[in-house]
Amino acid sequence: MTLALVAAVRNIRSVVGDKIDMKNNVKTILFDFDGVIVDSFQPAFEVSRMLRPWMDFTEDDYRKCFEGNVYEELLKIDKKQEVDNKQFFEIYIPKLFQLSVIKGIPKILKVLSKKYRLIIISSTISSPISEWLNRRGLAKYFSEIMGGDVHKIKLEKIRMIFEKYGINSDDCVFITDTLGDLREAKNIGLNCLAVTYGFHGEDTLRKGKPAGFIKTPQDIAIEVEKYWNKYKKCHGK
Ligand SMILES: [Mg+2]
């Protein structure tokens, strides 16, 4: 075989290999951002309350908004509906940049990214998330960031990912900290692992019937492995 032919065969193998890798071998982990990677509840609540001085807005009210789609729930309880998301993000984003990554997360992302495709699905807009991750040396672990600007409904973003990567709910698991996310994922048959150190506690999250609970960031990798091993046993995949 000529050298040129050897190189061509290698090239074909690598392309075919990539295709197999993209479609069959690599499982995808969808990561929520707020509450899973960064502890942003307090600044998000404070900005939301500050922008709605006409409301007697408590921490509990705000937490409850995440039991559904946060954009829709805020519209339901705020009768004036004078606050737009642009106003919120203008004040919130500088505060977000002051927050550190939750301890233990960088190490976990490094480990998981070697084996899985990692994608962020968030209600916060994409570009500041990307910049925030970049400044902390974490952006390299993610294939994609799909924020609230891509679509306000997480279910639609999950659909877009399935289509783009040619995958389905068998190939994915979603790690999130809110009941609203669990409910949206359920509507598309996507299993979730619920983080109990974020916006919602275990009792609230239980209502969304997650496939498992993650109590500390350090447990993420262990619970992900447990999930896929159990899934393989049940579905043979
Ligand atoms: Mg969250």
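What follows is calculated from the coordinates using simple rules that are stated; it is not laboratory data. A quick note: this is a predicted structure, and the numbers were derived from the prediction, not measured. Because the Cβ atoms are built from the backbone with ideal geometry, glycine has one as well, and the counts that use them run over all protein chains shown.
The figures follow:
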read-out: Degrees separating the helix 3-20 axis from the principal Cα axis of the chain, which is the longest one; value: 40 degrees
read-out: Packing-based exposure ordering (other Cβ within 10 Å, fewest first) of MET146, MET55; value: MET55, MET146
read-out: Calculated FRET efficiency for the pair ASN187/LYS79, C-beta based, R₀ 25 Å, to 0.05; value: 0.35
read-out: Protection proxy ranking of 162-174, 184-196 - average other beta-carbon atoms within 10 Å, highest first; value: 184-196, 162-174
read-out: Cα-based shape type of segment 64-186, given that a ≥ b ≥ c are square roots of the gyration tensor eigenvalues and the cut on a/c is 1.5; value: oblate
read-out: Candidate lysines - alpha carbon under 22 Å from LYS233, same-chain residues fewer than 8 apart omitted; value: LYS23, LYS27, LYS115, LYS186, LYS209
read-out: GluC sites (Glu not before Pro) within segment 53-146: DSSP coil, no more than 12 neighbouring Cβ in 10 Å; value: GLU82
read-out: Cα gyration tensor shape for segment 55-95, rounded if a/c is under 1.5, else prolate or oblate; value: prolate
read-out: 0 to 90° range, to nearest 10: angle between helix 220-235 axis and the chain longest Cα axis; value: 60 degrees
read-out: Normalised contact order of the chain, rounded percent, pairs of Cα under 8 Å and 6 or more residues apart; value: 24 percent
read-out: Reach of LYS215 by Cα under 18 Å, taken over lysines that are not fewer than 8 positions away in the same chain; value: LYS103, LYS107, LYS207, LYS226
read-out: Set of aspartates and glutamates with alpha-carbon distance to LYS230 below 17 Å, sequence-local pairs under 8 removed; value: ASP170, ASP171, ASP219
read-out: Estimated dipole of the chain in Debye, rounded to 20 [Cβ of Lys and Arg +1, of Asp and Glu -1, Cα centre]; value: 1200 debye
read-out: Shape of the chain, Cα gyration tensor, a/c cut at 1.5; value: prolate
read-out: Angle in degrees between helix 41-50 and the longest Cα principal axis of the chain, rounded to the nearest 10; value: 40 degrees
read-out: Within segment 33-104, chymotrypsin sites (Phe, Trp or Tyr not before Pro) in DSSP loop having at most 11 other beta-carbon neighbours inside 10 Å; value: TRP54
read-out: Residues LYS233 and LEU99, FRET efficiency given R0 of 41 Å [Cβ-Cβ distance, rounded to 0.05]; value: 0.60
